[in-house]
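The structure appears below as C-alpha cells.
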Amino acid sequence: MYPNLYYAFRDLFGVDWSFLKIFNTFGFFVALSFIGAAWVLTIEFRRKQAQGLLTYTEQSITSGAPATAGEILLHFLLGFILGFKVIGAITIPGALDDPQSFILSTRGSLLFGLLAGAVFGWLKWREKKRQQLAKPEQRIIRIWPQDRVGDLVIYAAVFGFLGAKIFHNLENWGDFIKAPLEALVSFSGLTFYGGLICAAIAIYFYSRKHKIPFVHMCDANAPGLMLAYGMGRIGCQVSGDGDWGILNSAYVSDSQAHIVPATPAMFQQAVVSNQAFFAQEFGTPSAAHHLYARAFWGLPDWLFAYNYPHNVINEGVPLVDCPGAYCHYLPIPVFPTPLYEMTVCLILFAFLFAFRKKIKIPGRMFAIYLILNGIERFFIEKIRINTTYSIFGFHPTQAEIISSLLVVTGVALYVYAPRIRVPNFKNSLS
C-alpha cells in the first residue's frame, strides 16, 4: 500500500522526496477523478451545444480596471495558505512525520506564509496593471456551459465532500458521538452516495441560476460520474483506506504478512489469535462476517484475498521489523472490493461513453447511469463491511438502501423521459 505519494515514489522510482508526504494517495486519485470527469463533461457540453441543446448566457464585465483590494486580498490569502502550510511542512522539522495532523493543526511557517502571500498579491496587482486602460470599458461576453466546467467541478468537490462526511457520520453515529471534532475534520470516512446527493443538489441550483437545462446537465455528467467513481476506487485500493470487503475465510496471513491458503481450523485459530483486534473491530470475534472463496481459473490469490499491508489507516496487527508510520496489516485477508468496483465502473464508463450518441431522448442517459451504478453498488455491498440497519426484519446497509432507490429512480426516469419538455436552442443559434 502507498498511504501517500512519498512511499509510491520511493518504491517505484527509488527517490526519497519527503515533501511528497503532504500528498495523500487517496486524495491524489480523487483529484484525478475530478479532472477526468471535467474532461468528459467538457466533451459532452460541446457536443450538446453543437446539437442546439445548450446555449450561452451573456454577462457584463469591466475591462481594463485596476485590481481591487478584494482581489489582492484574496490572492494574498491563497499565497499565505500555500506558504504557511505547504512550504511550512517542508521546512518545519517533524511536520512530515504525520502530514495529515500537521495540515489540520495551527502549525505552519508564518514567515513563508507572509512572503508567499505578498508575492501572490503582487502578481495579481501586476497582471491587472498590465491590462489597465485609461478608461475602463464595459463589455458583454458570452459564457457557454463548457466555460462553466471549472465552477461545476469546484461546486461538486466542496458539496460532495461535505455530503460524503455527513452521510458517513450518520452511518457511523456511534463513532461520531465519541469524537465529533475528529470525525468532522478527518480526511478519512467518506460515503460516495452522500457526496453524490449533496453535489447533485448544489449543481441543480447552479444550473437553474445559469439557465442550463438540468436534464441535459445530468446526461452530460453521467459518463464522467462513472469514470470519477472508478478512478476514486483506485485511490481506495492503493492507499488501503478501509473501504474493503468482508473476511475471506479461505486464506489467512502469516507473521510476515504473506497470504496463505487456510483450512477452516486455521481460520478459526487466526480469529482466536487476534481476538483483541476482531473484538475492537466487530464487537465480538464471532460477529466478523466472512465468506469462503478460493481463487479459480489460475487467477492470483490476491484477487480474492488481500491483507492491505502498510494501509493508510493503520488497521490490523503490527508488521514485523517495520520502522515507518504505516506498519499494520490485516491478520485475515479480505475481499479487495475497491479493486472490483474500479474494474466494473471503468468498464461501465467505457460502455456509457461508447453509446452516449445513440441515446437520443433527454434523461435516458442519466437513467441508465443510475440503474447501472445502483446495481453495481447493491451487489458489491454483499461482500463489504458496512453498518446495517434493522427495517421490518431486514438488515440493509445505507448504501444498499440508496442504491435500491437509484435503480427504482433510474427505471422510472427511463420510462418518463419521453415526456420531459426541454428547450431547443438550435434555431436561435443559427
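The values are calculated or read from the model by the stated rules, or taken from the named source; none is laboratory data. All figures in this text were calculated on a predicted structure; none of them were measured in a lab. Virtual Cβ from ideal backbone geometry, glycine too; neighbours counted across all protein chains shown.
Only a single item in (1) over 32 Å from the mean Cα position of the chain (by Cα); (2) without any contact (Cβ under 8 Å) to a residue 40 or more places away in the chain is not met by residue 270, and it is number (2).
Residue-wise test of (1) crowded, with 21+ Cβ neighbours inside 10 Å; (2) free of Cβ contacts under 8 Å to residues at least 12 places away in the same chain; (3) under 19 Å from residue 1 (Cβ atoms).
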{"site": "15", "(1), (2), (3)": "no, yes, yes"}
{"site": "22", "(1), (2), (3)": "no, no, yes"}
{"site": "25", "(1), (2), (3)": "yes, no, yes"}
{"site": "32", "(1), (2), (3)": "no, no, yes"}
{"site": "41", "(1), (2), (3)": "yes, no, no"}
{"site": "45", "(1), (2), (3)": "yes, no, no"}
{"site": "53", "(1), (2), (3)": "yes, no, no"}
{"site": "58", "(1), (2), (3)": "no, no, no"}
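Okay, residues lined up against (1) more than 30 Å from residue 145 (Cβ to Cβ); (2) within 32 Å of the chain's Cα centre (by Cα); (3) surrounded by 13 or more Cβ atoms within 10 Å (Cβ to Cβ):
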residue	(1), (2), (3)
65	no, no, yes
71	no, yes, yes
84	yes, yes, yes
101	yes, yes, no
106	yes, yes, no
118	yes, no, yes
121	yes, yes, yes
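Selection within the stretch 157-212: residues that are among the hydroxyl-bearing types (Ser, Thr, Tyr) and at pLDDT below 80. The member of this set that is surrounded by the most Cβ atoms within 10 Å (Cβ to Cβ) is 191. For first residues located in the stretch 102-116 and in a helix (DSSP H, G or I), partners that are surrounded by fewer than 20 Cβ atoms within 10 Å (Cβ to Cβ) and among the hydroxyl-bearing types (Ser, Thr, Tyr) and lie 6+ apart or on another chain with Cβ distances below 7 Å form the pairs 112/91. Under the condition of being of a type outside the set (A, V, I, L, M) and within 20 Å of residue 382 (Cα to Cα), which residue from the stretch 341-358 is farthest from the chain's Cα centre (by Cα)? Among them, the one singled out is 343. Answer yes if at least one residue in the stretch 53-61 is at pLDDT 90 or above and part of a helix (DSSP H, G or I), and no otherwise. Looking for residues that are at pLDDT 90 or above and part of a helix (DSSP H, G or I), one finds none in the stretch 53-61, hence no.
The residue that is nearest to the chain's Cα centre (by Cα), counting only those in the stretch 88-99 that are farther than 16 Å from residue 324 by Cα and surrounded by fewer than 18 Cβ atoms within 10 Å (Cβ to Cβ), is 90.
Residue-wise test of (1) under 30 Å from residue 348 (Cα atoms); (2) in the same structural domain as residue 314 (by TED's automatic domain parsing); (3) in a helix (DSSP H, G or I); (4) not β-branched (Val, Ile, Thr).
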site	(1), (2), (3), (4)
212	yes, no, no, no
217	yes, no, yes, yes
226	yes, no, yes, yes
230	yes, no, yes, yes
233	yes, no, yes, yes
252	no, yes, no, no
272	no, yes, yes, no
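The residue list 402, 347, 368 contains one member that is at pLDDT below 95 and assigned to a helix (DSSP H, G or I), which is 402. Restricting the search to the stretch 107-159, which residues are β-branched (Val, Ile, Thr), farther than 30 Å from residue 43 by Cα and out of contact with any helix residue (DSSP H, G or I) (no Cβ under 9 Å at 6 or more places or on another chain)? Selection gives nothing. Against the test of being over 16 Å from residue 90 (Cα atoms) and assigned to a helix (DSSP H, G or I), the options 19, 26 yield a single qualifying residue, 26.
Residue count for the stretch 304-352 satisfying the condition of being at positive phi and among the polar types (S, T, N, Q): 1. If only residues of the stretch 236-263 that are surrounded by fewer than 19 Cβ atoms within 10 Å (Cβ to Cβ) and without any contact (Cβ under 8 Å) to a residue 24 or more places away in the chain are counted, the one that is farthest from the chain's Cα centre (by Cα) is 263. Among the residues of the stretch 1-38, the one identified as modelled with pLDDT under 90 and among the basic types (Lys, Arg) is 21.
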